[in-house]
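Take a look at the structure below.
The values are calculated or read from the model by the stated rules, or taken from the named source; none is laboratory data. None of the values given here were measured: they were computed from a predicted structure. As a convention, Cβ positions derive from the backbone with ideal geometry for all residues, glycine included, and neighbour counts pool all protein chains shown.
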Amino acid sequence: MFFPPTNYRSSASDDDLASIPSSGWFPKWIGGIVIPLFFVVYAVVCWITRHGLLPGENTTPLNLYGKDAVALGVVSASVGVLLHCHFFWGNIYHLSAWAVLGKIVSLMAFVGSLVYLIVHIVFWG
């Protein structure tokens, strides 16, 4: 189902990236700082070591080296920035415009590096 039903009413349990995030200390600090920190730390590790692991369906992950690992790091960092902008800056009323700009920029970086990664793995892998 692509469209919500006509009797759809958003509630406090709904949280999508296009609307205002859930308010409170838990979404702001856990969803905006702690969880994005894991993604950013993994990205920095990929950038420094030029090695990344991409989990798959098999038991062994796909090892990425060089430019592919850097692209995986950009994907991971952009997810972290997206979560940070949505949950942390989106909860600060007078800075919510910066949250939208951050989400747009991080989504552009995510899509660009993911497309590079998919094309490079599938066609030149």
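Tabulated values for the structure
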quantity	calculated
Flag for residue 58 being modelled with pLDDT under 95, more than 17 Å from residue 117 (Cβ to Cβ) and outside any helix (DSSP H, G or I)	yes
Tally of residues being outside any helix (DSSP H, G or I) and touching a Leu at 6+ places or on another chain (Cβ under 7 Å) across region 37-50	0
Scope region 34-55; condition under 16 Å from residue 113 (Cβ atoms), of a type outside the set (D, E, K, R) and touching a helix residue (DSSP H, G or I) at 6+ places or on another chain (Cβ under 6 Å); matching residues	39, 40, 42, 43, 46, 47, 52
Residue match in region 74-83 (condition: aliphatic (A, V, I, L, M), surrounded by fewer than 19 Cβ atoms within 10 Å (Cβ to Cβ) and assigned to a helix (DSSP H, G or I))	no
Flag for residue 96 being within 19 Å of residue 39 (Cα to Cα) and not basic (Lys, Arg)	no
Qualifying residue in region 85-106 (condition: in a helix (DSSP H, G or I), under 24 Å from residue 26 (Cβ atoms) and modelled with pLDDT of 95 or more)	yes
Region 106-125, subset without any contact (Cβ under 8 Å) to a residue 24 or more places away in the chain and of a type in the set (A, V, I, L, M), residue farthest from residue 56 (Cα to Cα)	108
Candidates 70, 122, filtered to the one that is touching a Cys at 6+ places or on another chain (Cβ under 9 Å) and farther than 30 Å from residue 25 by Cβ	70
Cβ pairs under 6 Å, 6+ apart, first in region 69-83 and modelled with pLDDT of 95 or more and among the basic types (Lys, Arg), second in a helix (DSSP H, G or I) and surrounded by fewer than 23 Cβ atoms within 10 Å (Cβ to Cβ)	none
